[in-house]
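See below for the structure under consideration.
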Amino acid sequence: MKMIDTHTHLYVEAFDDDRDEVIQRAIAKGVDEFYLPAIDSAYTQRMLDLEKAYPAHIRLMMGLHPTHVKENVAEELKHVEQMLDQHLYTAVGEIGIDLYWDKSTLAAQQKAFDQQIKWAQERELPIVIHCRDAFEEVFEILEENKGEDLFGIFHCFTGTLEDAQRAISYNLKLGIGGVATFKNGKIDQFLAQLPLSSLVLETDAPYLAPVPHRGKRNESAYISLVVNRLSEIYALPEEEIIKATSIATKEVFKTKP
Ligand SMILES: [Zn+2]
């Protein structure tokens, strides 16, 4: 049974020295598909090159990351829209609101998030959400855009049980990664109360490495540690975790199971 890493930044500088080895290690571990969320236009060509090198394994998203909403936001958004029209992407992401790094750009982040959701809806694409210290702000925009054409993944979910249920009510799956293995990660306390069909696996590599690699560079091969932790939390065999999360992933990205 193959695993899917629904969120991995394989194209960033942290992998410049050994990118191919990192990808091969993950494939050897049973990771068959890698979904690459976008950050900003600086990485577009690198992502396209990687997709060309691994067409059977790599899937791309297009979007402007909330921490990269800066003075050039108008140009960056224009780039997102142009690329969505030019190339086949699997999702619009990662998009959302981050008030941890910079609160001063909130209004621009809200506008960029809302605009990109609408582009996803017009193209019948899922969205992949980044939310840090901004649950109410994110939910406010989801509420305004809710409907059958709103669906996707709430990436790196770190909220409460109530936040989780609210996210699921907007047709979103929760992206579960290294945080589930952290002693103070909190989500392990209530995850078992949620149906497995609402979870997808992710690493967010090179960030948020699971225990025992916490604090070091993360890579997609470590997704098996997340599977192992979910198997403890749900008291189910690892095969069941992989199967249910893979089905949930295919549902989001509308690919055949
Ligand atoms: Zn990310």
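The values are calculated or read from the model by the stated rules, or taken from the named source; none is laboratory data. Not measured: the values here are computed from a predicted model. Neighbour counts are summed over all protein chains in view; Cβ atoms, including those assigned to glycine, are modelled from backbone coordinates with ideal geometry. Side chains are part of the model used for accessible areas, which takes the heavy atoms of the whole protein and leaves out ligands, DNA and RNA. Shrake-Rupley method; radii C 1.70, N 1.55, O 1.52, S 1.80 Å.
Select from the range 53-66 the residues that are away from the ligand (no atom under 12 Å from the Cβ) and in contact with a strand residue (DSSP E or B) (Cβ under 9 Å, 6 or more places away or on another chain) and write down the one among them that is farthest from VAL31 (Cα to Cα).
Checked the range 53-66; the qualifying residue farthest from VAL31 (Cα to Cα) is LEU64.
Looking for something surrounded by fewer than 14 Cβ atoms within 10 Å (Cβ to Cβ) and part of a loop (DSSP other than H, G, I, E, B) - is there at least one such residue anywhere in the range 171-183?
yes
So which of ASP20, ASP40, ASP98, ASP32 is open to solvent by 40 Å² or more (accessible area, probe 1.4 Å), of a type outside the set (Gly, Ala, Ser) and in contact (Cβ under 8 Å) with a residue 12 or more places away in the chain?
Going through ASP20, ASP40, ASP98, ASP32 in turn, the sole match is ASP32.
For the range 68-81, check the following and say yes or no: at least one residue is within 27 Å of GLU251 (Cα to Cα) and either modelled with pLDDT under 95 or not hydrophobic (A, V, I, L, M, F, W, C) (or both).
yes
Out of the residues in the range 152-170 meeting the condition of being open to solvent by less than 10 Å² (accessible area, probe 1.4 Å) and in a helix (DSSP H, G or I), tell me which one is nearest to the ligand (Cβ to nearest atom).
ALA167
When residues of the range 198-218 are filtered for being in contact with a His (Cβ under 9 Å, 6 or more places away or on another chain), of a type outside the set (Ser, Thr, Tyr) and open to solvent by 10 Å² or more (accessible area, probe 1.4 Å), how many remain?
2
For the range 1-17: of the residues being within 16 Å of the ligand (Cβ to nearest atom) and part of a loop (DSSP other than H, G, I, E, B), which is surrounded by the fewest Cβ atoms within 10 Å (Cβ to Cβ)?
The first filter runs over the range 1-17 and keeps only residues within 16 Å of the ligand (Cβ to nearest atom), leaving 4-15.
Applying the additional criterion that residues be part of a loop (DSSP other than H, G, I, E, B) yields 6-7, 9-12.
Details: THR6: 34, HIS7: 27, HIS9: 23, LEU10: 25, TYR11: 23, VAL12: 16.
That would be VAL12.
Is it true that VAL69 is buried (at least 16 other Cβ atoms within 10 Å of the Cβ), more than 16 Å from the chain's Cα centre (by Cα) and within 16 Å of the ligand (Cβ to nearest atom)?
So VAL69 fits the description; yes.
Quickly run through the range 120-140 and pick out the residues that are under 18 Å from the mean Cα position of the chain (by Cα) and farther than 18 Å from LYS173 by Cβ. Give the steps one after another, and end with the answer.
Step one: of the range 120-140, the residues under 18 Å from the mean Cα position of the chain (by Cα) are 120-121, 124-135, 138-139.
Matches in the range 120-140: ARG132, ASP133, ALA134.
Got a number for residues in the range 203-218 being of a type outside the set (Val, Ile, Thr) and touching a Phe, Trp or Tyr at 6+ places or on another chain (Cβ under 8 Å)?
Residues meeting the conditions: 7.
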